[in-house]
Amino acid sequence: MSATDNKTTELVGIDAIRAAARRIAGIAVRTPLVKAPFACLADRGSGREIWLKAESLQPIGAFKIRGAANKILQLKPEELARGVITYSSGNHAQGVAYVAREVGAKAVIVMPSNAPAIKRASTLAMGAEIVDVGVASSERHAMADKLIKEHGYAVVPPYDDDEIIAGQGTCGLEIVEDLPDVDLVVTPISGGGLLGGVSAAVKQLRPQAKVFGAEPELAGDATESYRTGKIVTWDAEAVSRTLADGLRTQSVGERNFRHLKAFVDGMVTVTEGEIRAAMRAIVATTRLVPEPSGAVAVAALLFHGDELPPYRKAVAVVSGGNVDPGLLAEVLKDRD
C-alpha cells in the first residue's frame, strides 16, 4: 500500500517515525548492522548478503526502549508526576523502567509469573515496582486497568499504540538509511509493534523491499491472523510453550494488525530447534548474544529460505539479547 493511500490516515507515517528518531536520540542508541557470514547461506558466487540489526546492543538489551522512550517523552509533566504503568513479560518492562528513571518518574510494571528471572531482576534494578499476576495477557491488562483507576498512572502500552509503533519504526528507518539497497527485512513478531513500525518505515522509504514477520510455531497467532485476514487469539498455555518468552503474546494488536495488512509481504514460523540453532549461529559468526526471541528472524532466513522472496541483501532484526546465562550455555552445548 502506498503512503498516499486513503487508509494511511490510520497508519503511522514516515514523518512521525523521523520525529520519533529525533526525540529518542538521547536515550536509545543507533544500533549497527553486523554482517553475518553464515556458512550455509554463503552460496559462493551468489552475491547474497545477510546483515543483523543488533538491537541487543541497546542500553536495556532490546529494541523496546525505542517505543517506550517515544511514548514517555511525549507525556505531560502532570502525567509523569503521577507515574507510568505497563504490562510486560520483560523487555518492554525494562524499557519503561529505564526511560522512567531517566525522566524521574515512578514506573509500575505488571509482570506475568513466568517472566524470565534475568528480565525481572533488571527491571527491579532500574527502580521499578513490579506487580505479579498469572501468565495470561488478559490478567496483565486487567490488573493494569485496576491500578490506573486507583492511582491515575499513565499507561505505556507494549505495542498497540501509534507512538509505540513510531518509536519501534526508528529501527526500520535506520536499516534503510544504513543499507539503502536492502531487498528483504525479516523481523520477529509478538504483539506487532516492532514489525508494524519497521514495515511502515521500510515500505515508505523503499517500497520495492520485501518485509516479512517471523514467529515460533508454538506461538503462531500472528501468522494465523495474517493469513486469515482477522485477528485470532491463542490460549496463554499454548503460547507459553515456546522458548522465545518475548513472543508469547496471545494476539496481535489492532493498530499493529492494520500496519501488517498494509505493509507486510508475508509471515514465516520456525521451530524451537531452529531457534536454538540460530542462536548458536549468531554467537559463532558475529559474537552477538541473542535471546531466543532475538534469533527468530535469523532462524527464518537460515531454515525457511524457500518461503521467502529472493534477495541480494537481507536484514534480520536481532530484537534482544536478554538471555539467562544458564539457558545460553545449554543452547550453545546442544548440537541436536
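The values are calculated or read from the model by the stated rules, or taken from the named source; none is laboratory data. As the structure is a computational prediction, the values presented were derived from the model and not from experiment. Note that each Cβ is placed from the backbone with ideal geometry, even for glycine, and that neighbours are counted across all protein chains shown.
A compact table of results
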quantity	calculated
Test for Val182: is it out of contact with any Leu (no Cβ under 6 Å at 6 or more places or on another chain) and not in a loop (DSSP other than H, G, I, E, B)	no
Selection status of Ser190, of a type in the set (Ser, Thr, Tyr) and in the same structural domain as Tyr311 (by TED's automatic domain parsing)	yes
Condition met for Glu215 (at pLDDT 95 or above, of a type in the set (D, E, K, R) and closer than 30 Å to Pro325 by Cα)	yes
Boolean, Gly246 is over 19 Å from Gly193 (Cβ atoms) and either assigned to a helix (DSSP H, G or I) or in contact with a helix residue (DSSP H, G or I) (Cβ under 9 Å, 6 or more places away or on another chain) (or both)	no
Checklist (1) touching a Gly at 6+ places or on another chain (Cβ under 8 Å); (2) in a helix (DSSP H, G or I); (3) aliphatic (A, V, I, L, M); (4) over 20 Å from Thr249 (Cα atoms) applied to Leu147, failing item	(1)
Residue within segment 68-81 that is in contact with a helix residue (DSSP H, G or I) (Cβ under 7 Å, 6 or more places away or on another chain), assigned to a loop (DSSP other than H, G, I, E, B) and over 16 Å from Gly191 (Cβ atoms) present	yes
Any hit, segment 284-307, residues being outside any helix (DSSP H, G or I) and more than 17 Å from Lys53 (Cα to Cα)	yes
Residue list for segment 209-243, restricted to those being in contact (Cβ under 8 Å) with a residue 40 or more places away in the chain, of a type in the set (Val, Ile, Thr) and either assigned to a loop (DSSP other than H, G, I, E, B) or touching a Cys at 6+ places or on another chain (Cβ under 6 Å) (or both)	Thr242
